[in-house]
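Report on one structure; see the data block that follows.
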Amino acid sequence: MTNTTRVNETEILQKNEIMMAKNTHLSSIFTEKIIQMSNVWTSYDSKNFALEEINLSIDRGTNYAIVGESGSGKSTLLKLMNGMMHFSKGTIKIDYVVPNMNDKKFKKMMHTIGYIPQNLGLIKNITVLENTLIGALPRLSKIQSLFKRFPEHEIQEAKRILKLVVLSGKEDRKVYTLSGGEKRRVAIARALMQKPTILLADEIVSELDHVTAHEIMDLIADAQKQMNLTAIMVHHDMKLALEYANRVAVIKKGRKILEIGVEGETIVDFQTGDVSTEEIMEMYADDSKK
Amino acid sequence: MTPKNNIIIGIIVALLVVASYNVDANPIEFIEGLPNLAIIVEEMLLVEPKYVPTAIWAMFETIQMAFIGTIVGFAIALPLSMLAARNLNSKFVYAPIRALLAAIRTFPSILWAILFVIMVGLGPFAGVLAIIMYTIGFITKLQYETIETIDSDPMDAVNSIGVSKSQLICYVVIPESASHLLGQLLYMFDYNIRQTSILGLVGAGGIGFYIINYIKFFEYGKAAVFMLVVLVTVLIIDWISVKIRDKYIIKSQHGMKVISK
């Protein structure tokens, strides 16, 4: 009898442990940090730092916005996340891996980090479909890529993504014949073709009219939900950032001065760095003038 | 005009005067020699049309030599220029390649032709080899300079995917520089036709062989037929180049149609 009770107790304890482990695992999925930056400093030359003392922690699956003036270091921050820029001090972990283009593990991870630079980085002399298929290059064998022989399923996937970004029927158009909005859609399609876990976009809607900018942002928001993406987007426009992002970081002169957590239209969390209340008010006032 | 600009212009003019003095460049001698030119022109006007078929055949041979030389030279130059581009390679790769290319460029085509005549004997083959070598040295420099000026955004965007260097070259570098490369190919072909026309001077085949021999024997009328054929051919090729440029190069660079008037 005593033995049976002991067995039952052990079973219950084990079950409890399993349940606790499951709960911990679930909570870690929901709050897992896909990008962690701690006290990061970086510079383009030996004299001036482009970014100073950056601390960031981005949850998996969120829409994170980085806002700031021209030359504040926003694009540099994005380049640190895909290993295109080296950092001089601090630690960076992208999905638990230190970004380094010479590291095989990170190089493999780069296959699933979509990056859209400020000028989109499209190849203007080739077609929309060919530009999109570039996202599938890491999945091709050397022979296939050398002879530009994309498997049929990759071509079908590219066409499906082009449909998603509302570019059906324009697959064979050369990129230089497209409008600004359409070019941005091609850049998004190329990034989505990578089957990314992280999407980095640098001022993708700047220079666009209000309607087109919202169309592009809606498109990314939809893709983000469908593919459980972590979207990290650099913006010039605070209003647009607050409208779409879950969290917004404000960068000024290479430093993070503010971070805001947003849920719907409510600001749920507000962390300030080296910034006074007057400066924040000024920022909003400037933004509302736009 | 800033004072700095005036100083630069002054230096250039001074250098021009000193250099002219050193090489005995005397404008008076030029003017005094003009009547001699008139004699040559007068004799050249006595064109002998019966030599036209021979001239056309010699020109055809010249075009073929230039064609082979340009295509083979271009095919060899392209991978070399990829290795010589600073934005694609480390210093340890591009520096020795550039040194090699500079060495190739040191010799003009006529010297290459003499070398190959010694190697493979008189005839068009020596000329073709000379054109290939000259094309490699010349066009590689144009190509790697073009590659180095490619917009860094497409390079960064595709590089950030983690692709291999060969993929980067196939999918970004070549498409991005294609219109310039095509322009350089056309220019090189045009240039090589003129080059090949004079390689006959050293016995490396082509129409130049006839021209130099007729000039040596003071038969300017016969030489004029061959020179006229060269002129007409160069004009036709120039016209074709313009058409190709309008269709493929200007349109792809600016994204617009060229309206022919």
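Bear in mind these aren't lab numbers, they're just calculated from the coordinates by the rules spelled out. Just so it is clear, the model here is predicted, and its values are computed rather than measured. Neighbour counts run over all protein chains shown; Cβ positions are idealised from the backbone, glycine included.
The table for this structure:
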read-out	value
Against the rule of thumb 2.2 N^0.38 Å, how large the Cα Rg of region A:166-209 comes out	1.22
Where only C-alpha atoms are counted, convex hull volume of region A:97-142 per residue in Å³	110 Å³
Long-range amide H partners of A:Ile116 with built H, under 5 Å	A:Leu200, A:Ala201, A:Asp202
Spherically averaged projected area in nm², based on the convex hull that wraps the Cα atoms of region A:113-195	5.1 nm²
3J(HN,Hα) from dihedral phi, region B:40-48, Karplus parametrisation 6.51/-1.76/1.60, rounded to Hz, x for glycine, proline	4, 4, 4, 5, 5, 5, 7, 5, 9
Sorted peptide list for A:118-124, A:105-111, B:181-187, criterion being average Cβ within 10 angstrom, highest first	A:118-124, B:181-187, A:105-111
Within-12-Å neighbourhood charge of B:Tyr187 [Cβ basis; K, R +1; D, E -1]	0
For the protein assembly as shown: Kirkwood Rh in Å [reciprocal of mean 1/r, alpha carbons]	28.8 Å
Cross-link reach list, lysines versus A:Lys170, counting only Cα pairs under 26 Å and skipping chain neighbours closer than eight places	A:Lys124, A:Lys148, A:Lys159, A:Lys183, A:Lys195, A:Lys225, B:Lys247, B:Lys251, B:Lys257
Of A:Ala201, A:Met109, A:Gly180, farthest towards positive along the dipole that unit charges on Lys, Arg, Asp, Glu beta carbons give the protein assembly as shown	A:Met109
Ranking of A:Arg190, A:Arg160 by count of other Cβ atoms within 10 Å, fewest first	A:Arg160, A:Arg190
Using θ = phi - 60° and Karplus 6.51 cos²θ - 1.76 cosθ + 1.60, couplings along region A:63-72 (whole Hz; Gly, Pro as x)	10, 10, 10, 10, 10, x, 6, 4, x, 7
Per-residue average of Cβ from other chains inside 10 Å of A:108-118	3
Degrees, to the nearest 10: B:109-120 long Cα axis against longest axis of chain B	80 degrees
D (Stokes-Einstein, µm²/s), Kirkwood Cα radius, region B:49-254, 0.890 mPa s at 25 °C	133 µm²/s
Fraction of antiparallel bridges per DSSP, the protein assembly as shown only, in percent to nearest 5	60 percent
Kirkwood-based Rg to Rh ratio, region B:1-141, C-alpha trace	1.14
Student exercise, region B:49-254 dipole from Lys, Arg, Asp, Glu Cβ charges, in Debye to nearest 20	360 debye
Residues with amide H under 5 Å from that of A:Ala50, placed H, sequence gap 5 or more	A:Thr42, A:Ser43, A:Tyr44
Ellipticity estimate at 222 nm from DSSP helix runs (n ≥ 4, -39,500 (n - 2.57)) divided over chain B, nearest 500	-25500 deg cm²/dmol
Estimated vicinal HN-Hα couplings, Hz - region A:155-163 in sequence order (Karplus 6.51, -1.76, 1.60; Gly, Pro = x)	5, 5, 5, 4, 5, 5, 5, 5, 5
Ordering of B:26-33, B:76-83, A:34-41 by burial proxy (mean other Cβ atoms within 10 Å per residue, highest first)	B:76-83, A:34-41, B:26-33
Residue order, fewest to most surrounding Cβ atoms within 10 angstrom, among A:Leu129, A:Leu200	A:Leu129, A:Leu200
Residue mean of other protein chain beta carbons inside 10 Å, A:121-132	5
Overall Cα dimensions of region A:137-265, principal axis frame, Å, largest first	49, 29, 28
Alpha-carbon centroid distance for the pair region B:79-110 / region A:128-168, whole angstrom	34 Å
Rg over Rh [alpha-carbon atoms, Kirkwood Rh] for region A:75-158	1.03
Simple Cβ-charge dipole of the protein assembly as shown, Lys/Arg +1 and Asp/Glu -1, about Cα centre, in debye nearest 20	1420 debye
